[in-house]
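S.K.: Following this message is one structure expressed as structure tokens.
None of the figures in this text is laboratory data; all of them are computed from the coordinates on show. What you see is a predicted model, and the numbers here were worked out from it, not measured in a lab. Positions of Cβ are generated from backbone atoms using ideal geometry, with glycine treated the same way; all protein chains shown enter the neighbour counts.
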Amino acid sequence: RRLVVLVSGSGTNLQALLDEIAATGAEAYGAEIVAVGADREGIEGLARAERAGLPTFVCRVRDHATRQEWDTALAEAVAAHEPDLVVSAGFMKIVGKEFLARFGGRFVNTHPALLPSFPGAHGVRDALAYGAKVTGCTVHFVDDGVDTGPIIAQGVVEVRDEDDESALHERIKDVERRLLVEVVGLLARNGYRIEGRKVVIQ
Ligand code: GRF
């Protein structure tokens, strides 16, 4: 299976996938990363991809006259690598109709909270501010909402009294990286069906 991974930041989830595939072998893992895309230049996630010798692309909203043109350009940049599965690993843009028309049902996102709690760009901060005792991470298919698609797997992380946002986010990411590697491998090796809000992995 061919994976394209989209990043916007440090890319540690991408790195977890790269390390797993290097350790297990693409054959046994069931997938290889064929390209990494980003919405901005100069991020560690792109440097990680380059160090791994992978093709990269950057699709910036401000380079396009409209958001819709950006969405189409992103879809085309991804499609050029003929992915079976697209993985958003900290990609911080909401994709639109064109992208979903082409990759809906095979576009997976990881979110650092237990959806439907705390969707959006500040899930860790929101859980902390709310006083949640447990939070975690969710791997889900992307639909036309924000962090609302069918849930594939979740991992629970306790919130500690002394936590600040970065400490809690690091603890979440430890779980999230393992969950993403496991889920992507399962989807790639076993195949899956989406039935309403249910994901059935064969
Ligand atoms: C992850 O926790 C992801 O869920 C969130 O941003 C973080 C990205 O981390 N959207 P990294 O770029 O993979 O290190």
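S.K.: Taking θ as phi - 60°, what are the ³J(HN,Hα) couplings along the stretch 25-42 by the Karplus curve (6.51, -1.76, 1.60), each to the nearest whole Hz, with x for Gly and Pro?
M.R.: Those phi angles translate into x, 4, 4, 5, 6, x, 7, 10, 7, 9, 6, 10, x, 9, 9, 7, 7, x Hz.
S.K.: Now for a separate question. Going Cα to Cα from LYS133, which lysines come in below 29 Å? Please leave out same-chain ones fewer than 8 positions away.
M.R.: LYS93, LYS173, LYS198
S.K.: Could you check what % of the DSSP bridge pairs in the chain are antiparallel, to the nearest 5? Numbers along the way, then the final one.
M.R.: Details: 15 of 31 bridges.
Within the chain, antiparallel bridges account for around 50 percent of the total.
S.K.: In addition: Over the chain, with a Gaussian network built from C-alpha contacts below 10 Å, which listed residue (ALA132, ALA35, ALA26) shows the highest mean-square fluctuation?
M.R.: ALA132
S.K.: Let me ask something else about it. How far, in nm, would the chain grow between THR66 and ASN190 when pulled straight, counting 0.36 nm per residue and subtracting the alpha carbon separation? Don't skip to the answer; put the middle values down first.
M.R.: Values: separation 124, 0.36 × 124 = 44.64 nm, distance 3.85 nm.
Taking THR66 through ASN190 to full extension adds about 40.8 nm, to one decimal.
S.K.: Mind checking the log10 I(q)/I(0) for the stretch 79-130 at q = 0.15, 0.23, 0.25, 0.31 Å⁻¹? Debye, one equal scatterer per Cα, no solvent, two decimals.
M.R.: Treating every Cα as an identical point scatterer, log10 I(q)/I(0) equals -0.50, -0.92, -1.01, -1.26.
S.K.: Under a straight-distance cross-link criterion of Cα-Cα below 14 Å, which aspartates and glutamates are reachable from LYS97, leaving out those fewer than 8 residues away in the same chain?
M.R.: Those aspartates and glutamates meeting the cut-off are GLU69, ASP71, GLU76, ASP143, ASP144.
S.K.: Something else: Out of all DSSP beta bridges with both ends in the stretch 1-112, state the antiparallel percent to the nearest 5. Don't skip to the answer; put the middle values down first.
M.R.: Working: 0 of 16 bridges.
Approximately 0 percent, going by the DSSP bridge assignments.
S.K.: Of all GluC sites (Glu not before Pro) in the stretch 25-73, which ones are in loop regions per DSSP and have a Cβ with at most 12 other Cβ atoms within 10 Å?
M.R.: Details: sites: GLU27, GLU32, GLU41, GLU44, GLU50, GLU69; in loops: GLU41.
Of the GluC sites (Glu not before Pro), the ones in loops of the stretch 25-73 whose Cβ has at most 12 other Cβ atoms within 10 Å are GLU41.
S.K.: If I model the stretch 129-189 as equal point scatterers sitting on the Cα atoms and use the Debye formula, what is log10 I(q)/I(0) at q = 0.20 Å⁻¹?
M.R.: Each listed q corresponds, in turn, to -0.83.
S.K.: Answer with one residue from ALA26, LEU100, LEU54: the one whose Cα lies farthest towards the positive end of the charge dipole of the chain, charges on Cβ with Lys, Arg +1 and Asp, Glu -1.
M.R.: Farthest along the dipole direction, towards plus: LEU100.
S.K.: What fraction, in whole percent, of alpha-carbon pairs in the stretch 43-202 exceed 24 Å separation? Each step should come with its number before you reach the end.
M.R.: Details: 4978 of 12720 pairs.
That tail contains 39 percent of the Cα-Cα pairs.
S.K.: If you don't mind, there's one more thing I want to ask. Select from SER117, SER88, SER166 the residue whose mean-square fluctuation is largest in a Gaussian network model of the chain (Cα-Cα springs shorter than 10 Å).
M.R.: The residue with the greatest mean-square fluctuation here is SER166.
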